[in-house]
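In what follows, a structure is listed as structure tokens, so that the remarks can point back to it.
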Amino acid sequence: MLHSGLDLAQVEAAGVLVYARLTGEGSSWLLVGASAETLADLQRRGLQVEALDAETQGASYFLVAARPPGGLSFPGEQAQVLASEGLQAVVRLDPAGELALPQAGLESVALKLEPIALRPREPANLTSTVEADPRIVAMIDQVDLARLYQYGKWLTGEEAVVIGGEPYTITTRHTYSGVPLQKATEYVYEHLAGLGLEVEVHPWREGIPPNVLATLPGLTHPDEIYLLSAHLDNMPPGPRAPGADDNASGVAAVLVAADILSQYEFGCTLRFALWTGEEQGLLGSDAWAAWAARQDLQIRGVLNLDMIAYDAEPPPIVDIHARSWLTDSVTMAHIFANVVEEYGLDLVPQVWVDDWLADYSDNRSFWNRGYPAILAIEDYDDFSPYYHTRDDTLATLNLGYFTEFVRAALAAFVHTADCLIEEGVEPPTWRIVLPLVVRDR
Ligand SMILES: [Zn+2]
């Protein structure tokens, strides 16, 4: 572990492999791989460095945080704490530990011993100026609470939904639930395909339901991709997990955004992604972002929505998280805040740059590859007390806040992409899209 208060050129010159950026409350560190020789060399050069683990073979590593904040405690003898600061720690686990962390009430990020990007993949290209656009006003006017609530009822199992032509009740979306999460992925697949989008599944581990991604191809510069995402899986394990706020709220937002945006034409490519394996350490999004980077996909912006519907105390704060070293992520955060202002939405946006909390959602998978991404989430200080419990139900949500949040996310996404086609487009007609499309298999 290397103190990161030094320039990256120095780190690279030292010949170490950087596996993770660790953002603390007072300082930041790089998790690196180095031989004993290199380590000694770094120390000789006066760099602040600490050896965490000598033998990495057969081990898995996680960054973990306590939520709700109540001190860190670890499950049994499975976890070995290598470093800790405040509410976070780096731990070494035996392979079964992946399951134990979320069950112990910890948020976790899998730390792979693979080099990450230290710089943006592409030069910054976004601008934060937002001017209200009547076409986008028409889009956000279509965000309707009844529809969001209906999707929420289907996703949380309050009501059966038609999947593959048969009614099915999604009782849980836990990553290891098997059939229920598989059915949830089929539900979102069929919904997105029913909109006429190109939909694909991205399997990332044998036996675990895949990520689902839908594409609205760009008409003039399709290589430039903007991604709207949310994780589909949830907590707790067991037969019943509604996961309304975490994260049926984000999933419903992505589905509604796809309903609306699929009626328009864009020059750039818009993608809608629903991840699995988030609760076990961002596994699904990490696998996809790694694949995207290998394909050299030009992802120009990722808006990740995770827990966007709980708000008990006014004002209606929205936290927007970015990373300073990814200039475009900071610009995206300001676009989001400016959208709230320009469209007169009833929200109070707060931009957070380099706050450690944001390392625990799928946006991190994109940061690790040098792609600009932001996390939009409810206020940390007014956070769902039902988080990761069976009581995370629709009844606990603030529906007015939720609806405004989805409007802001939709408009922020369209302003970030900034490629809505002006001419030659039929005025949009509203289509009621129910997931009745049966997939051929
Ligand atoms: Zn979540």
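The values are calculated or read from the model by the stated rules, or taken from the named source; none is laboratory data. It should be emphasised that the depicted structure is a prediction, and the values quoted were computed from it without experimental measurement. Every residue, glycine as well, gets a Cβ built from its backbone with ideal geometry; the counts of neighbours run over all protein chains shown. Note: accessible area is taken over every heavy atom of the protein model, side chains too, but ligands, DNA and RNA are not part of it. Shrake-Rupley method; radii C 1.70, N 1.55, O 1.52, S 1.80 Å.
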With only helices counted (DSSP H, runs n ≥ 4, each -39500 (n - 2.57)), the per-residue ellipticity at 222 nm for the chain, to the nearest 500, works out to -8500 deg cm²/dmol
per DSSP, antiparallel bridges as share of beta bridges in the chain, % nearest 5, sits at 65
FRET efficiency for residue 346 and residue 159 from the Cβ-Cβ distance with R0 = 25 Å, rounded to 0.05, comes out at 0.35
Hydrodynamic radius by Kirkwood for the chain, inverse mean 1/r across distinct Cα pairs, in Å, is 22.1
Binned at 10 Å from zero, the C-alpha pair distances of the stretch 146-201 give percents of 25, 54, 21, 0
In whole Å, largest first, the alpha carbons of the stretch 77-139 cover along the principal axes 58, 29, 24
Cβ-Cβ cut-off under 15 Å around residue 113, Lys and Arg +1, Asp and Glu -1: the net charge is -1
The set of residues whose placed amide H lies less than 5 Å from the amide H of residue 202, leaving out same-chain residues fewer than 5 positions away, is 211, 212, 213
With a ≥ b ≥ c from the Cα gyration tensor eigenvalues, square-rooted, and the rule rounded for a/c under 1.5, otherwise prolate when a/b > b/c and oblate otherwise, the stretch 289-364 is prolate
Residue-normalised value, i.e. accessible area per residue, for the chain at 1.4 Å probe, in Å², stands at 39
Sorted largest first, the C-alpha extents of the stretch 104-242 along its principal axes in whole angstrom are 46, 45, 28
Burial-style ranking of 328-335, 115-122, average other-beta-carbon count within 10 Å with highest first, yields 328-335, 115-122
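In whole percent, and with a 1.4 Å probe on the protein chains, what portion of the accessible area of the chain is carbon and sulfur?
50
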With 0.36 nm assigned to each residue of separation and the Cα-Cα distance removed, residue 103 to residue 291 gains 64.8 nm
Of the stretch 384-423, those with amide N under 16 Å from the point 7 Å along the Cα→Cβ vector of residue 144 are 403-404, 407
Gyration tensor on Cα atoms of the stretch 167-310, a ≥ b ≥ c root eigenvalues, a/c under 1.5 rounded, else prolate if a/b beats b/c, else oblate, says prolate
Between the modelled labels at residue 381 and residue 176 (7 Å from Cα along Cα→Cβ) the distance in nm is 3.7
